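Notes follow the structure.
The values are calculated or read from the model by the stated rules, or taken from the named source; none is laboratory data. What you see is a predicted model; the values in this text were computed from it and never measured. Methodologically, a virtual Cβ is constructed for each residue, glycine included, from the backbone with ideal geometry; neighbour enumeration extends over all protein chains shown. SASA here: full protein model, heavy atoms, side chains in, ligands and nucleic acids out. Shrake-Rupley method; radii C 1.70, N 1.55, O 1.52, S 1.80 Å.
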Amino acid sequence: MIRTERLILKPHGTEYIDTTHAYSSDIENTQLMMFLPNDSREETMEFLMDCERQWRMQRPDYLEFAVLLDGVHIGAVGIYRCDDPDTWEFGWIIDKHHWGRGYAFEAARAIAAAGAEHYGAKRYIAHCDSENKGSARVMEKLGMRLSEVHDGRKNRSSDEERKEFLYEMAADALK
């Protein structure tokens, strides 16, 4: 468990099925995300069960944290191991009812520090849809820099191909 000024980050898992499915299946909440929305409660449950499996592994592929505000589950933040063992990728989702209050930044900053300290992360990357101004703002606030722009991003809820931003930073540059 990680505590920040306003949040508690706990290993994500099946105890959060209702709230996770609510935000991960909401089209407004996920319209600019590549792998969401979830189509069914079963799909959400499979993901949460995999989160629990990852937490039990000696060398997990990813670490997903439930983001709690005053004991209420409002989203998730994670780091995902890349092919380069020193590089991890950020991901986050916050329920739309809590957007714009800095919770994604606060949670991501906390797990970035933990990833560097406990898992040897030396570099972080993050991707977002070019229209996802909120995520881009979080990345920049963390100290990440836009390094590449690619065509061909296909979000799950859209048939349209879009541009994708890639941000990166050294773990020791964390703000």
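Relative to the Cα centre, the charge distribution of the chain, modelled as +1 at Lys and Arg Cβ and -1 at Asp and Glu Cβ, gives a dipole magnitude of about 680 debye.
In whole percents, the pair-distance distribution calculated for the range 16-130 from its alpha-carbon pairs, binned every 5 Å from zero, is 2, 11, 21, 24, 22, 14, 6, 0. The share of accessible area on the chain that comes from carbon and sulfur is 49 percent, using a 1.4 angstrom probe.
Extending 7 Å from Cα along the Cβ direction at Arg56 and again at Asp83 yields two label points whose distance is 3.1 nm. Here the relative contact order of the range 73-175, from alpha carbon pairs under 8 Å that lie six or more residues apart, stands at 26 percent. Here r is the Cβ-Cβ distance between His150 and Asp70 and R0 is 35 Å; the resulting FRET efficiency, rounded to 0.05, is 0.35.
Helical runs (DSSP H, four residues minimum) scored at -39500 (n - 2.57) apiece and divided by the length of the chain put the mean residue ellipticity at 222 nm at -9500 deg cm²/dmol. Is the shape of the range 75-121 best called rounded, prolate or oblate, per the rule: a/c under 1.5 gives rounded, else a/b larger than b/c gives prolate, else oblate, with a ≥ b ≥ c the square roots of the Cα gyration tensor eigenvalues? Since a/c reaches 1.5 and a/b is larger than b/c, the shape of the range 75-121 is classed as prolate.
Distance between the C-alpha centres of the range 65-141 and the range 30-54: 16 Å, rounded to the whole angstrom. Considering only beta bridges that DSSP places wholly inside the range 1-134, some 90 percent are antiparallel.
Calculated accessible area for the range 1-64 comes out at 60 Å² per residue, all protein chains present (probe 1.4 Å; ligands, DNA, RNA ignored).
Anisotropy class assigned to the range 63-175 is oblate, per the alpha carbon gyration tensor with a/c at or over the 1.5 cut-off and a/b no larger than b/c. Taking Lys and Arg as +1 and Asp and Glu as -1, the other residues whose beta-carbon sits under 13 Å from that of Gly120 total 0. Within the shell defined by Cβ-Cβ distances under 15 Å, the residues around Thr14 carry a net charge of -4, with Lys and Arg each +1 and Asp and Glu each -1.
In the Gaussian network model of the chain, springs joining C-alpha atoms below 10 Å, which of Arg56, Arg137, Arg123 carries the largest mean-square fluctuation? Highest fluctuation of the listed residues: Arg56. Peptide packing for 102-109, 114-121 was compared via the average number of neighbouring C-beta atoms within 10 Å per residue; ordered from the highest value, the list is 102-109, 114-121. Exposure check, 1.4 Å probe, all protein chains in place: Val138 carries approximately 20 Å² of accessible surface.
Classification of the range 1-71 by its C-alpha gyration tensor yields an oblate form. The axis ratio a/c (a ≥ b ≥ c) is 1.5 or more, and b/c is at least a/b. Contact order, relative form, for the range 1-124: 24 percent (alpha carbon pairs under 8 Å, 6 or more residues apart, mean separation divided by residue count).
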